[in-house]
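To start, the structure itself, in structure tokens.
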Amino acid sequence: MRALIISLCLLSVIAFGVPHSTSHTPQANKQIVIAAGTVLDGKGGVLHNTRIVVEGSRIVRIDPNAAPVNYDLRGLTVLPGWIDSHVHITWSFGPDGKNAGAGDTTPYATYAAAANAWATLMAGFTTVQSVGSPSDLPLRDAIARGALPGPRILSSAEPLLGRGEQTGTPDEIRAFIRKQKEAGADLIKIFAAGSVRRPQMLLSQEQLNAACDEAKRLGLRTLVHAYKDAVRAAVLAGCTQIEHGPLATDDDLKLMVQKGVWLDPQAGLVMENYLLNKDKFAGTPGYPDEVFPVIKEMIPEYHAFFKQALKIPGLKIVFGSDALAGSHGRNAEEFIDRVRDGGADPAAAMVSANSLAAEALGMGNQIGSVAPGFEADIIALEGDPIKDITAVRRVVFVMKGGVVYKNAPHSGKILQ
Ligand SMILES: [Zn+2]
């Protein structure tokens, strides 16, 4: 009986084959050769007319003579899969079409989160940092097991929401941080201020010190949602990265450079998305009708802050889209905003989502570069994002960890 089952299984494999896209774990000894005309290596370098050799989940060689070629990506721009340092992967619209937030745990919300992960991966993002809800932990683990397709997820578990004195004593805050570590957090997210319109600090210096110190003691990075004074306070507290940041002064930003603190500012997508999906957000918690004109007014302020940050020598600016309901799979629009409206150099914008973002994640020797020894996270775009940043919308090939998830027809010219 057992032999029969085995032979039936074999038969079905022979009859139908095993397409790459249904297997999320790479084949260990199989070599895959990718031919490329132009490779942005993720660190600011460019390779021409070469071949990338992948074995298992990793890039093993760059060898222009490697053969046979499995994927011919000549005529496209090949680069490392992008890293989005700030998403809310579980945040979706509910069955009524309205904003359902990030913490919903219904079966509908669960499938919606899985769909967000798929959309994000198809858009060329092979790693994301999800910051703001513990409901992304099982999704992270399912993807890591190879049970679901999606980007590699790093999760903050439950964020520390600043609520003034109510947040707790420094000791209570330390206990909260330890609880997140036990729950499986890869990093700690802290809300230390309100918004651009209400930028007051929600945590005291002492409370912030406790949070970031305890995280550091446990080996966890700290991402701090901060505006105005909270930026400097977080830097002084030894936190790792500032999210958003408007109303910080040049001196605050220079202090960030001195202390090696990362900045993840946004140049538009998150606010454009609220306006684009106004009907779906309006009237849901946190989104009264009167907030939308305010959001519209805020966009130029974010552009101005992005430009201000670019002028600070040595400031490490990483890519983070703040993707939420309505913008999963459109994360790359933030590149266009940064270049078109924020004044970013397109090559630097790419690096900010490749090697620089990887370094900020503490994964600088694993992801974010096309080089031997790195994870085979490789994407290809139709067009050249350095000449035309809108090429980031045209992702036609996605490999993550040596598995090809997307290999769409494209009009890239094949050079002989
Ligand atoms: Zn966010």
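Residues of the range 134-160 being within 15 Å of the ligand (Cβ to nearest atom), buried (at least 24 other Cβ atoms within 10 Å of the Cβ) and under 16 Å from LEU324 (Cβ atoms), which ones?
ASP136, SER155, SER156
Taking GLY184, is it surrounded by fewer than 16 Cβ atoms within 10 Å (Cβ to Cβ), without any contact (Cβ under 8 Å) to a residue 24 or more places away in the chain and in contact with a helix residue (DSSP H, G or I) (Cβ under 9 Å, 6 or more places away or on another chain)?
Answer is no for this residue.
Give the range 298-311 a look and list any residue that's open to solvent by less than 60 Å² (accessible area, probe 1.4 Å) and either under 12 Å from MET271 (Cβ atoms) or in contact with a Lys or Arg (Cβ under 6 Å, 6 or more places away or on another chain) (or both), or say none.
MET298, ILE299, TYR302, HIS303
Take the residues in the range 79-94 that are near the ligand (Cβ under 10 Å from one of its atoms) and over 9 Å from the mean Cα position of the chain (by Cα); name whichever of them is surrounded by the most Cβ atoms within 10 Å (Cβ to Cβ).
Applying the filter and picking the extreme gives TRP91.
Please give the number of the condition THR284 fails out of (1) within 20 Å of the chain's Cα centre (by Cα); (2) among the polar types (S, T, N, Q); (3) more than 28 Å from VAL351 (Cα to Cα).
The failed condition is (1).
Given the structure, is PRO372 away from the ligand (no atom under 16 Å from the Cβ), open to solvent by 30 Å² or more (accessible area, probe 1.4 Å), over 30 Å from ALA114 (Cβ atoms) and within 23 Å of the chain's Cα centre (by Cα)?
Yes.
Could you tell me whether any residue of the range 161-178 is under 21 Å from the mean Cα position of the chain (by Cα) and away from the ligand (no atom under 15 Å from the Cβ)?
No, the range 161-178 contains no residue that is under 21 Å from the mean Cα position of the chain (by Cα) and away from the ligand (no atom under 15 Å from the Cβ).
Take VAL392 and decide whether it is surrounded by 22 or more Cβ atoms within 10 Å (Cβ to Cβ) and β-branched (Val, Ile, Thr).
Spelling it out, VAL392 is indeed surrounded by 22 or more Cβ atoms within 10 Å (Cβ to Cβ) and β-branched (Val, Ile, Thr).
Regarding GLY383, is this residue assigned to a loop (DSSP other than H, G, I, E, B), in contact with a strand residue (DSSP E or B) (Cβ under 6 Å, 6 or more places away or on another chain), at pLDDT 95 or above and not hydroxyl-bearing (Ser, Thr, Tyr)?
no
Can you work out which of the residues in the range 220-257 that are touching a strand residue (DSSP E or B) at 6+ places or on another chain (Cβ under 7 Å) and among the acidic types (Asp, Glu) is nearest to VAL318 (Cα to Cα)?
Filtering the range 220-257 for residues that are touching a strand residue (DSSP E or B) at 6+ places or on another chain (Cβ under 7 Å) and among the acidic types (Asp, Glu), the one nearest to VAL318 (Cα to Cα) comes out as GLU243.
Among what's in the range 303-329 and is within 16 Å of the ligand (Cβ to nearest atom) and at positive phi, pick the residue that is farthest from the chain's Cα centre (by Cα).
Top of the filtered list is GLY326.
So which residues in the range 280-294 are in a helix (DSSP H, G or I) and either open to solvent by 10 Å² or more (accessible area, probe 1.4 Å) or at pLDDT below 95 (or both)?
LYS280, VAL291, PRO293, VAL294
Considering the range 105-133 alone, what residues qualify as being at pLDDT 95 or above and either within 16 Å of the ligand (Cβ to nearest atom) or basic (Lys, Arg) (or both)?
Selection gives ALA113, ASN116, THR120, PHE125, VAL128, GLN129, SER130, VAL131.
The values are calculated or read from the model by the stated rules, or taken from the named source; none is laboratory data. Note that the structure is predicted; figures quoted are calculated from it, not measured. Every residue, glycine as well, gets a Cβ built from its backbone with ideal geometry; the counts of neighbours run over all protein chains shown. These area figures cover heavy atoms from the full protein model, side chains too; ligands, DNA and RNA do not enter into them. Shrake-Rupley method; radii C 1.70, N 1.55, O 1.52, S 1.80 Å.
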